1. Which percent of the accessible area of the chain is formed by carbon and sulfur heavy atoms (probe 1.4 angstrom)?
2. Probe radius 1.4 Å, ligands and nucleic acids left out: which of PHE136, PHE349 has the largest accessible area, and how do the rest follow?
3. Using a 7 Å offset from the Cα along the Cα-to-Cβ direction at both ASP305 and THR243, what is the distance between the two label points in nm, to one decimal?
4. Using each residue's phi in the range 278-285, evaluate 6.51 cos²θ - 1.76 cosθ + 1.60 at θ = phi - 60° and report the 3J(HN,Hα) Karplus result to the nearest Hz, with x for Gly and Pro.
5. In Å, what Rg and Dmax follow from the Cα atoms of the range 17-118?
6. Given the -39500 (n - 2.57) contribution per DSSP H run of 4+ residues, what per-residue ellipticity at 222 nm results for the chain, rounded to the nearest 500 deg cm²/dmol?
7. Apply the Karplus curve 6.51 cos²θ - 1.76 cosθ + 1.60, θ = phi - 60°, to the phi angles in the range 234-247 and return the couplings in whole Hz, x for Gly and Pro.
8. Under the rule of at least 5 residues apart or a separate chain, name every residue whose amide H is placed under 5 Å from the amide H of GLY20.
Amino acid sequence: MAALCCYTWLVSTTIIVGAGITGASLAYHLALRGHETVLLDSDLPGSGATRASFAWIGRPSTTALPSAPLRYLALDEYRRLEQELPHLAIRWSGALTWGALAEAGHTIHPSQVTALEPNLIDPPAGANFQREDAAFDPTVVTDQLVDAAVTNGAQLHVGTPVIGLERRGRTVTGVQTAQGLMPATSVVLAAGNGAVPLCRSIGLALPVAPSPAVLVRLHTTPDLVHRIVARPDLEVRQQPDGTVLVVTEYRGETSRSALADVARASRQRVMESFRIREPVDVVSAQIGWRPMPEDGEPIIGAEPDVPGLYIAVLHSAITLAAAVGRLASDEITTGIEAPELAGCRRMRFDRATSWTPAADVLDQHQP
C-alpha cells in the first residue's frame, strides 16, 4: 500500500465541503476517529442531489469496472452502519427487475412475482429478484449521519457557501466562504457538481457534468408497492408512510408546469400498473442534478500535486456513501491508500488510456 504523504500530520483539521450523503458519511467516520472535522454547506444537509435521489442500494452481480471492489462493499457497509446507528431506517425489501433494467440474478416465476408484489396488475413472465437490495429516505439518513458526527465532535455550518479554495503555494490551506476564511489542514470536496468550479479555480480539471433525472413523489395508502420495482418504463418504490417514489428521465423540463405534467404522467403509470384501493395524490416533482464523472466512475482520493486537497465526487453516492465514508476517512487519517479505491482516482483522466466504460455502467438509472 502506498503512503499519501500529504495526509500525515500531528494535529489536523479537515473541512468537508458539501453536506449531502457523501459529506455526511465522511464527517461521521472522521469524527468517530476523533479527527477534528468541520462540515460546510450552503443549505441544510441533504438538500441537493441527495434529496432528489431514488435511494436504491444494491450489489452488482458481475462487473469489470474499476470501482467493482468498492461497489461490492456497499451493502455490507450499510449493515455495519445499522449496527453503529441502530435507528438507521433502511428497508431491506429486495428489488424486482425485468427487461433492460434486470441484473443477472435469481429468475423467478410469475406466481412468485405476485407473492412478492401482490398489487402488480401484469406480472412479467420472468423477473429477477435481488433479495439483498434495499432503500431508505436519503435526507433522513443524511441527518442521522450528521447528528452522529456532531455528537462525536464535528462542527456543522449551514448557510455557508464556499466560494474558493485558499492556497499557500500549491498546498490547499483552507476555504474562502461568504463569511470569510476558514483555515484547515485538509479540504475534502464532496459538493457534487459544485466541486467542479472550485477545482477549476486552482487549475484542476474535474471531468464531472450534471446528469439530471426527475424524482416524483406521490401519496396513497401504505403497502401498495412492497418492493423496489424496476422495469424499462417504470421505477417505483414506496416508503412506510405511503409516499410513492417514481424516478423518470429528464426531458429538458424548465418550468413547474412541465414538471407537474411529468408528475401526472408518472401517477398514471403507477395507477395502470398496480391495483389501487385509495386515491393517488401528486405531492411533488423535483429535478435531481446528479454529478456524473465523464466515465461514470467515482472520483475519490487525494490530489498528489495539490497537497491538502481530497476529492469525493461519485455516482451513485447513495449506494456508495457508507463504504466511501469509511475508506476515505481511513486514507485521510492514516495516510495509507485503500486498495478498494485504487480505480477511482482523478489522475486516471490525466493518463492516455484506451479504457472506455463498459456498456453496463452500474447505477446509471439511480439518481
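1. On the way: 8030 of 15230 Å².
The computed percentage sits at 53.
2. Values: PHE136 5, PHE349 60 Å².
I get PHE349, PHE136, largest accessible area first.
3. Inter-label distance under the simple model: 4.3 nm.
4. 10, x, 10, 9, 7, 9, 6, 9
5. So, for the range 17-118, Rg and Dmax equal 17.4, 54 Å respectively.
6. Details: 8 runs with 90 residues, N = 367.
Taking each H run of at least 4 residues, the total per residue is -7500 deg cm²/dmol.
7. Calculated HN-Hα couplings, in order: 7, 10, 8, 8, 10, 8, x, 7, x, 5, 9, 9, 10, 9 Hz.
8. Under 5 Å from the amide H of GLY20 lie the amide H atoms of GLY46, each far enough along the sequence or on another chain.
The values are calculated or read from the model by the stated rules, or taken from the named source; none is laboratory data. Only a predicted model underlies this, so the values are computations on that prediction, with no experimental measurement involved. Using ideal geometry, Cβ is built from the backbone for each residue, glycine included, and neighbour counts are taken over all protein chains shown. For accessibility, only protein heavy atoms count, side chains too; no ligands or nucleic acids. Shrake-Rupley method; radii C 1.70, N 1.55, O 1.52, S 1.80 Å.
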